[in-house]
Amino acid sequence: MNITERMANRQLFTDHDANYPQEASDLARARQRGKALCYEINRLHPDDIEMRKALMEQLFGSIGENVWMEPPIRMSYGSNTTVGNNVYINFNLTVVDDYKVTIGNDVMFGPNVTIAVTNHPVHPEKRKEGGMFALPVVIEDGAWIGSCAVIVPGVTIGAGSVIGAGSVVTKDIPSNVIAVGNPCRVLRDITDHDREYYYKNMRFDQVEW
C-alpha cells in the first residue's frame, strides 16, 4: 500500500516513505502550500476581508458560505479539511490535518482550539522508526467547541453538542449534550430549559435584543 492507502486503512505510515518517492514529494509540496497560505492569511491587515476570503477558499479542501475566521490559523495541509456553511472560527485554530477533518454547518470554535488527526506509537523504540497513523475527525452541524479544547484522532462530535473550555476530547461525543473535562465526558443533555435560560438564572425573555 502507498501512503494514502495506509492512512485510509488506519495503518502506520511515514510521510517520507522511500518506497513511494513521488507521493512523498507531492505530500511535502502540499504541506508547504498549506503553510504558505496560512502565512499569507495571518499577515493580512484585519480590514482586508476579501483577500482573507480568497485565501481561505484556496486553503481548505472545500468551504461553505458565510464562514468567518479570525487569524492566526495554523494547518498542516488545509486541503484535507472541509468546512460547511455559517462557521465561526476564533483566534488560533490549529489543525493537524494529515488526513480528513470534516467541519459541518453552523459550527463555532472558541479561541485556541486544536484538532489533530495524527498520532504516534507509544513505545519510544517504535516512535524512533518514524511511523504514525491518522484517523479522521468529524464535527457535526451546530456543535460549539469551547476555548482551548483539544480534539484527538478518530473523534466525532455530535450535532448541536457543546464542548467545554479546556476539554480534551478522546472519545466520540453524542449529539445535543454538554461535555467537559480531561478526558471529556458528557455532563448533561441540552434540554428545553436551555431555550429559556442562556446562563445560570439569566432568562432570554429578560434580554432587550
Projected area averaged over all directions for the convex hull of the alpha carbon atoms of the stretch 1-104, nm², comes out at 6.7
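If CYS38, CYS148 are ordered by their accessible area, calculated over protein heavy atoms with a 1.4 Å probe, which sequence runs from highest to lowest?
Sorted descending by solvent-accessible area, the residues read CYS148, CYS38.
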Spherically averaged projected area in nm², based on the convex hull that wraps the Cα atoms of the chain
13.5
So if R0 is 45 Å, what FRET efficiency would GLU125 and PHE204 give, r being the distance between their Cβ atoms, rounded to the nearest 0.05?
0.20
For ILE173, net neighbour charge (Lys/Arg +1, Asp/Glu -1) across residues whose Cβ lies under 15 Å away:
-1
Of the accessible area of the chain, with the probe set at 1.4 angstrom, what percent is carbon plus sulfur?
52
Accessible surface, the stretch 3-203, averaged per residue in Å² (probe 1.4 Å)
54
Round to the nearest 10 and give me the degree value, 0 to 90, for the angle of helix 21-42's Cα axis relative to the longest principal axis of the chain.
40
Taking Cα atoms, how many degrees apart are the long axis of helix 49-59 and the longest axis of the chain, rounded to 10 and kept between 0 and 90?
50
Can you flag which of LYS126/LYS171; LYS53/LYS200; LYS53/LYS100; LYS35/LYS128 are past 29 Å Cα-Cα?
LYS53/LYS200
Ratio of the stretch 58-172's C-alpha Rg to 2.2 N^0.38 Å, to two decimals?
1.04
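The values are calculated or read from the model by the stated rules, or taken from the named source; none is laboratory data. For clarity, every value in this text was computed on a predicted model and none was experimentally measured. FYI the Cβ positions are ideal-geometry reconstructions off the backbone, even for glycines, and counts take in every protein chain you see. Side chains are part of the model used for accessible areas, which takes the heavy atoms of the whole protein and leaves out ligands, DNA and RNA. Shrake-Rupley method; radii C 1.70, N 1.55, O 1.52, S 1.80 Å.
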